[in-house]
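Here is the structure we will look at.
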Amino acid sequence: MLRYLTAGESHGPALTAVMEGIPAGLQISASYIDEQLARRQQGYGRGGRMKIEKDRVQILSGVRGGYTLGSPVTLQVQNKDWVNWEPYMGVELADYEPKRVSVPRPGHGDLAGVLKYGHDDIRNVLERASARETAARVAVCSLARRFLEHYGMEITGHVVQLGSIKANSKSQSINLIKESIKTSELLCADPEAEAAMKKEIDSARERGDSLGGIFEIIAANVPVGLGSHVQWDRKLDARLAFSLMSIQAIKGVEIGLGFTAAVLPGSQVHDEIFSSPGGYTRGSNNAGGIEAGISNGQKIVLRAAMKPIATLYRPLRSVNMSTGAGAEAAVERSDICAVPAAAVVGEAVVAYELAAAFLEKFGGDSIAEIDFRFNNYLEQFGVKQGN
């Protein structure tokens, strides 16, 4: 079973992650993981924290000579801002007062968190609720991404909407999308839309506001048969939706046509099946590559909606929990828009779920063992990838 945990606070000394279940013999390097961490930090509309942190991973266990050992892999990403926060975030002696937060931000976990855990300082909640945690997830899920690449799978995320601006990329192939977003500051495959998105971000910054949007994740060359219909918690689409919803500020997920399928007749929704040498194909991919909780060999297409970031530089009304009086919400250093970064995190968690499902079907303790099982499966059933 593949599983991972992350730990660490936004302004603590470091973020740590442990992944168990990665088989022995997978080639991996710190530089490969660093590339994914760097992608997460990019994006037009990011805040001041990105000027401080230049995330680099330390591999502390589970890898020797560039290959996984089959034992748990421990990763750590140092917080460079820790030097400025050590007096206020220390494990033993700390001066909490200068950084104490008593006014919750609407839309954040501040109020619910302090009420749930009985804290008198919102910082005890916001430090862990922060999206800074996703740096650890991107790092550790890079192991899963590398695993999928070994078996020919690839994952690409791109922004399809930011605020009210929609991109036109539906007709583009995954290769064209990948090429288009290489030079995009917003991971957007539509240059005209990207220019409008930047203006929207600039306008929000001037107003002290924030923006959300929608990103799409495409997973290509996924074999038939990942996931299962036999129990609710084994359905691949449910697991993917769960992981995407676990990303901070994500409020909705759709697969394939998604909500559009609810307003169309079945004749315009379901993907017709055709016979072809060595397998089957479909005339469309409205199902998004998953039917009855099982991957069907087509591209898996997912979209996630991210709400605007809760920290506003022109704060909304709130309440001072120390006095009960009305007050403006607390302001923490924040982004204006982080949808491109969320897309990179989305790639990471999708990679994890696909790798977990792949290992459940073809599992073994080493890459060589899994290679044998996977190749035997392809030969036995003549599986052919769809459109």
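The values are calculated or read from the model by the stated rules, or taken from the named source; none is laboratory data. Here the structure is a predicted model, which is why all the values come from computation and not from measurement. When we count neighbours, we look across all protein chains shown, and the Cβ atoms used for this are built from the backbone with ideal geometry, even at glycine. Heads up: the accessible areas ignore ligands, DNA and RNA and are worked out on the full protein's heavy atoms, side chains in. Shrake-Rupley method; radii C 1.70, N 1.55, O 1.52, S 1.80 Å.
A few notes on this one:
- Percent accessible area from carbon and sulfur atoms, segment 3-381, protein chains only, probe 1.4 Å: 53 percent
- Diffusion constant of segment 273-321 at 4 °C, which comes from Stokes-Einstein with the Kirkwood Cα-pair radius and 1.567 mPa s, µm²/s: 86 µm²/s
- Largest first, the residues 162, 316 sort by 1.4 Å accessible area into 316, 162.
- Label-to-label distance, residue 260 versus residue 176, with points set 7 angstrom from Cα along the beta-carbon direction: 1.6 nm.
- One quarter of the convex hull surface built on the alpha carbon atoms of segment 315-387 amounts to 10.3 nm², the projected area averaged over directions.
- Every pair of different Cα atoms in segment 192-260 enters the Kirkwood calculation, which places the hydrodynamic radius at 15.2 Å.
- Long-range tail of P(r) for segment 106-149 (Cα pairs > 18 Å, %): 45 percent
- Expressed in Å, the radius of gyration and Dmax of the Cα atoms of segment 3-381 are 21.9, 73.
- Potential extension, residue 60-residue 361 segment - 0.36 nm per residue separation minus Cα distance: 105.5 nm
- Segment 26-102 - percent relative contact order, Cα under 8 Å, separation 6 or more: 25 percent
- Residue pairs, from the table 182/361; 178/198; 54/170; 235/307; 299/361; 170/198, whose Cα atoms sit over 23 Å apart: 182/361; 54/170; 235/307
- Span-like helix check, the chain: qualifying full DSSP H segments, with Cα axial length of 15 Å or more and mean Kyte-Doolittle of 0.5 or more, are 339-362.
- Calculated over segment 131-215: convex hull of Cα atoms, volume per residue (Å³): 106 Å³
- Residues in segment 163-190 that a label on residue 42 would reach, taking backbone N under 17 Å of a point 7 Å out along Cα→Cβ: 175-190
- Remark: segment 78-141 carries 52 Å² of accessible area per residue (probe radius 1.4 Å; ligands, DNA and RNA excluded).
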